[in-house]
Structure formats: C-alpha cells, structure tokens
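Written out below as structure tokens is the structure these notes cover.
The values are calculated or read from the model by the stated rules, or taken from the named source; none is laboratory data. As the structure is a prediction and not an experimental result, all values here were calculated from the model. Positions of Cβ are generated from backbone atoms using ideal geometry, with glycine treated the same way; all protein chains shown enter the neighbour counts.
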Amino acid sequence: MSCIAVLNAGSSSIKLAAYGGGRRPELLIKCRFEGIGATPRALVYSPDGALLADELSGSVDHAQATRVLIQMATRALGNVRFDAVGHRVVHGGPNHAQPALIDDALLEDLERLVPLAPLHQPHNLAPIRAIRALQPSLPQVACFDTAFHANQAWEERAFALPRALTHEGVRRYGFHGISYDFIASRLKEIAPDLARGKVVVAHLGNGASLCAIDNGRSVASTMGFTAVDGLVMGTRSGALDPGVLIYLMDQHGLDARGLEELIYKKSGLLGVSGISSDMRALRASDASEAAQAIRLFIHRILREIGALAAVMGGIDGIVFTAGIGENDAATRTEVVAGCRWLGAMIDPAKNAAGDTDISAPGSRIRVLRIPTDEELNIAISTIALTQGALA
Ligand code: ADP
C-alpha cells in the first residue's frame, strides 16, 4: 500500500494528514504543528480524533516544523516512507486550473504569485521547499484553492478597472476551490441529478464563501481578488465599499498593513459582536451585539444567494458545508427561511438530526448538508497525478 502525506500550512500552524493510497484513500493519522513563532507544539491524532502524541518543540520556522511533522508522522505510522506529498496552495494564478506535479518551473511560477496572496502563499510554499531539500526525488503535488474557479466567464472575473491592471492579474480568482471541488464530486455520488443542475454551495467556516456551480463547473463565487471579499467571516469584513478604505487612510492614517490587520483580523463576526469570531460563542451569548453579528452574517449570505441565482438563471439546490454550515442547524434554518422566494423549505427534524437531505417534502429546490474534506480531495488528486510514480 502506498502512503500519501497531505500538508496544509497556515501562518502559525501546519496540518498533516496521512493516507493509505487506493481508489478511496484511507485516513491513517492526522498531525498538527502549532505555535510556529510562539510556543511550538506537535500533536498526533488517530483518525477518530484520539490524541496519540503531544510534544513541545523548540523555536522553529515553517521548514523545521515541516521536518518535525514528517518525522512524527513517520514514527507514528511505524517508520513507513511517504510515496508522495500533496499540498494545499492558496493561489494558482491565472494559469493553473488543475492540481499539478511540482517542479522547479512551477515553484518559480508560484513564487511570482506571492504578491497576490502575501499572507498565505509564502507559508504554503515553505514546506514544499523543505521537502525538496530533504528528499528531492519525492513527488509533490500542488492543489490550488483558485483552480476550481479558473474557467469562469471573463465578465465574472474582471473588475471594471483600466485594462492594464486586469492584465497584471488584478481580477477575481475565487477561493475555497478544493472544498467546492470535493462537494461537486460528492454531489455526483449522492444526488447525480442535482449535480447536473444549478447549485449554490455555502462553505461557511472561519473563512466563508458561496459558489454557484452549474453542471459541476464554477460559474461565480463571492470571494474575489483575495479571500477577504464577499460574506461576513469570523474575523474578515467581507465586501466593503472601497471608499471605506480611502476614508480610513485619510482620516485614521492607516497604511496597507494597518488596513490588512483591520479587515482580516479585527472585523467580521468578531468586530461586529465585540465578543467572539466563533459562531458557537455567539449562539450561546445573550448580548444584542452577538445577535446583530449573526443577523449581518445571514443577511449577506441571502443577498449573495440572490446574486448567484441571477447569474445562473435559477437554483435547483443549496448545499451547506464547513464548520458552521455542517454544525450550526440555526444558520441553515435562517438561510433557508430567507430563500422561501426560491421555493426552498427545510425539514426541521432532518435539519436538527444533521441528515444529508434536509429539504422539506414540499420544497421546490433540494437543501443538503454535506461535510467537506479538503485533505481527502488533495490526497485523491495527489494519487491521481503520481500513480505512475507509485505503481
Ligand atoms: P476554518 O475556516 O478555520 O476551516 P471551520 O470550517 O473549522 O473553519 O469552521 C469554524 C466555525 O465553525 C466557527 O465559527 C465555529 O464556531 C463553527 N462551528 C464548529 N462547530 C460548531 C457547532 N457545533 N455549532 C455551531 N458552530 C460550530
């Protein structure tokens, strides 16, 4: 059996999931290195979430953390060798519509995209380089959060800015594509008729976006040039009138870093509630500010569902996924109540039970709850691209 590692690197943490290769890869263990740049700690979990190892580590950078994670995973699996590594890479730019095997040319290309995603891309690339230095012949695959959206129509992707800026790459890309790709393929298995129709998928986690998928293809999404656009998120503002940014520069003296801090880290559910970015905490709170933050979150989702319905010329189904979409029955109830005009109706008992199909018997469109699995999707792509190497 071949063994695949999937790496998902963020600013202060790196997650590793190990899979036994096969048509349906089997999750073997999950590891997490957290506290990079602060108090580093490496954790190993069984597939059902039981903690297997918990080690404090000395101060490390992303490359060192990658090496520690690979060592811990190798040890936990009884000294197996990984046959390939798949990576989540946030930005594939305009040229990458598919996962790709990593070579020098691709790595250079992805490096050039750092200015488009300065908060994520460098962290995504660091483990790739660390593994190439350690084991140059180990096949590595990059899976892009932008790829699923790469074939959207020109008018969906362009801003009404001077053409030279569009050519430079200042255009809408869309994100969460690895999750949407997974949901699109799950839909083919669960509801093949609906998979051929027009579906809005709501990926509602700390990061949140919607994607309009018509016959399996992304037609439009709420995230744009960056992952701060669109819906209200845990700590991100979502769509803002650009005039607000100019005002903040003029009147509050904010520069690019100050604006970044404000709209990525201090806004969204956290900024509006002043309490928490976490939906569970807001649902548990009696404060009117918590209720208002949730109202704004739901309101923006409803506005954007209307926009996506217009772009697709109708909707046959809505799918909820990610932390809030999968677990917060109240969010699903509130969103579907606001989609009554589309003929959507939810079955309260099925919704409370967390069923897959939560549509009420009289609903004109299907309402589904499908857990996403971005790591599994990366594992599947990695195996598909390295099959020759693994045979
Ligand atoms: P990320 O974008 O970081 O992957 P997740 O998909 O894990 O985020 O989603 C995190 C969000 O999901 C948080 O707002 C959290 O409160 C919410 N969430 C997780 N479990 C529940 C639950 N049981 N009920 C309500 N919200 C939940």
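Which one of these does residue 56 not meet: (1) within 17 Å of residue 14 (Cα to Cα); (2) in contact (Cβ under 8 Å) with a residue 60 or more places away in the chain; (3) among the hydrophobic types (A, V, I, L, M, F, W, C)? So residue 56 meets the others, but not (2). Residues 221, 277: which one is of a type in the set (Gly, Ala, Ser), within 15 Å of the ligand (Cβ to nearest atom), under 26 Å from residue 173 (Cα atoms) and surrounded by 14 or more Cβ atoms within 10 Å (Cβ to Cβ)? Testing whether each residue is of a type in the set (Gly, Ala, Ser), within 15 Å of the ligand (Cβ to nearest atom), under 26 Å from residue 173 (Cα atoms) and surrounded by 14 or more Cβ atoms within 10 Å (Cβ to Cβ) leaves just 277.
Which ranges mark the helices (runs of 4 or more DSSP H) fully within segment 306-391 that have 1 or more residues being of a type in the set (A, V, I, L, M, F, W, C) and within 22 Å of residue 221 (Cβ to Cβ)?
Counting at least 1 such residues, we get 322-327, 329-337, 374-390.
Which one of these is in a helix (DSSP H, G or I) and either of a type outside the set (Val, Ile, Thr) or within 21 Å of residue 176 (Cβ to Cβ) (or both): 225, 297? Answer to the selection: 297. Within segment 129-149, being hydrophobic (A, V, I, L, M, F, W, C) and in contact with a Ser or Thr (Cβ under 9 Å, 6 or more places away or on another chain) holds for 130, 131, 134, 141, 143, 148. Is there a residue being of a type in the set (Ser, Thr, Tyr), more than 28 Å from residue 24 (Cβ to Cβ) and touching a Ser or Thr at 6+ places or on another chain (Cβ under 8 Å) anywhere in segment 193-212? No; the residues of segment 193-212 include none that is of a type in the set (Ser, Thr, Tyr), more than 28 Å from residue 24 (Cβ to Cβ) and touching a Ser or Thr at 6+ places or on another chain (Cβ under 8 Å). Residue 166 falls short on exactly one of the conditions (1) polar (S, T, N, Q); (2) under 30 Å from residue 311 (Cα atoms); (3) touching a helix residue (DSSP H, G or I) at 6+ places or on another chain (Cβ under 7 Å), and that condition is (3). Can you find even one residue in segment 56-67 that is farther than 16 Å from residue 132 by Cα, more than 23 Å from the chain's Cα centre (by Cα) and in a strand (DSSP E or B)? Checking segment 56-67: at least one residue is farther than 16 Å from residue 132 by Cα, more than 23 Å from the chain's Cα centre (by Cα) and in a strand (DSSP E or B).
In segment 23-41, the qualifying residues are those that are assigned to a strand (DSSP E or B) and basic (Lys, Arg), and the one that is modelled with the lowest pLDDT is 41. Only one of the numbered conditions (1) away from the ligand (no atom under 16 Å from the Cβ); (2) free of Cβ contacts under 8 Å to residues at least 40 places away in the same chain is not met by residue 365, and that is (2).
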